[in-house]
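First comes the structure, then the notes that go with it.
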Amino acid sequence: MGRYWNKRTLTVTGVSLACIVLLWLLGFGFGHETRLSRLTGATLFGSDVYLGTWFIFMMIVPIGFGIPYLVVRFGFHEPIQAYGFSLGDAKLGAVAVLALVPLYIFAPLASAYIGTERYYTYLTNPQFLKPLHVAIHLVSYVGFAFGFEFLFRGFVLFGLHRGMGETSAAKCVAVLASAILSALCLIGLPWVFPVSAFLGALLAGYANFRLRSFFYFAFIHWNLGVWSDVWEIIKLNIAHGRMW
């Protein structure tokens with residue numbers, strides 16, 4: 001393992017950890033989503049929790065994408081395309097997105113069963129549950145899926161692999177490290193999220209190497225988040241005897 005530790009791998013690991021800590025400091029997880037509301041006295045869609053959640057959706061783009069981009073472009077002097085920022089194998093990517101439709105529609109039923117609305121309290125807020133507000137939420141989640149996936153399944157995955165060498169063992173280590181770091185980022189949220197992030201990263205890591213892109217699994221990640229909330233909202237509406 002000693003040969004895997006070099007300037008590049010240490011930089012990639014250190015930058016990713018710094019991004020995780022920065023997200024935590026901005027109120028990601030551990031019940032800190034209400035921090036922004038307490039500081040400003042504002043809410044979004046009638047929810048103090050959602051204001052902080054939406055803020056993270058926006059901030060993960062400059063943090064999860066922007067900071068690694070600067071490292072790749074001006075630190076490593078490499079094209080961002082080498083880190084999965086391309087369509088890669090578009091035909092195989094389209095097949096993967098279509099083949100996994102049952103997975104990313106029905107797997108999020110687990111979060112509805114567990115009851116993540118106890119953490120994301122805005123999912124029970126009538127003001128948030130207005131169709132327009134839910135639609136804005138689903139569009140906003142694109143930013144989170146994009147920034148999260150580039151950080152862990154673009155920058156970390158391809159960066160570590162490039163630093164450790166083009167070998168099968170290096171690929172395995174890069175996938176495992178990507179999975180661990182992505183799960184670590186979600187510590188402080190309901191347990192289903194870090195667990196699913198770790199397990200999903202194992203599949204996504206190897207697939208991204210084959211696809212040469214993180215775009216397809218960013219789309220799948222977005223769908224997983226969307227359907228998780230949709231199933232929760234449907235469950236809550238039924239429980240309260242109402243539907244849109």
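For segment 2-239, with only Lys/Arg (+1) and Asp/Glu (-1) charged at the beta-carbon, what is the dipole magnitude about the Cα centre, in debye rounded to 20? Don't skip to the answer; put the middle values down first.
Values: 15 positive and 9 negative charges, 105 e Å.
Roughly 500 debye for segment 2-239.
Among GLU232, GLU149, GLU166, GLU78, the order by Cβ neighbours within 10 angstrom, fewest to most, reads GLU166, GLU78, GLU232, GLU149.
Which FRET efficiency, nearest 0.05, do LEU109 and LYS130 yield, Cβ-Cβ r, R0 22 Å? Don't skip to the answer; put the middle values down first.
Numbers: r = 24 Å, r/R0 = 1.08.
The value I calculate is 0.40.
Given their separation in residues at 0.36 nm each and the Cα-Cα distance between them, LEU202 and ARG38 gain 55.3 nm when the chain is fully extended. Were the residues from TRP5 through THR121 laid out at 0.36 nm apart, the gain over their Cα-Cα distance would be 37.5 nm.
Close amide H pairs (under 5 Å, H built 1.01 Å from N) link LEU189 with PHE30, residues at least 5 positions away or on another chain.
Modelled spin labels at MET58 and SER168, positioned 7 Å past Cα toward Cβ, are 4.8 nm from each other. For the chain, the relative contact order comes to 29 percent (Cα pairs under 8 Å, sequence separation of at least 6). Distance distribution P(r), the chain, all Cα-Cα pairs, bin width 5 angstrom from 0: 1, 6, 13, 18, 19, 16, 12, 8, 4, 2, 1, 0, 0 percent.
Hydrophobic, long helices, defined as DSSP H runs whose alpha-carbon span along the helix axis is 24 Å or greater and whose mean Kyte-Doolittle value is at least 0.5, occur in the chain at 7-25, 131-150, 168-185, 192-211, 215-239. With a Förster radius of 22 Å applied to the C-beta separation of VAL21 and LYS235, the computed FRET efficiency comes to 0.05.
Counting only helical runs of four or more DSSP H residues, what would the 222 nm mean residue ellipticity of the chain come to if each run contributes -39,500 (n - 2.57) and the total is spread over all its residues?
After summing the helix terms and dividing by the residues of the chain, the value is -20000 deg cm²/dmol.
Since every read-out is calculated from the coordinates, none of them should be taken as a lab result. The structure presented is a predicted model; accordingly, all values stated were derived computationally and were not measured. Note: ideal-geometry Cβ built from the backbone for every residue, glycine included; neighbour counts use all protein chains shown.
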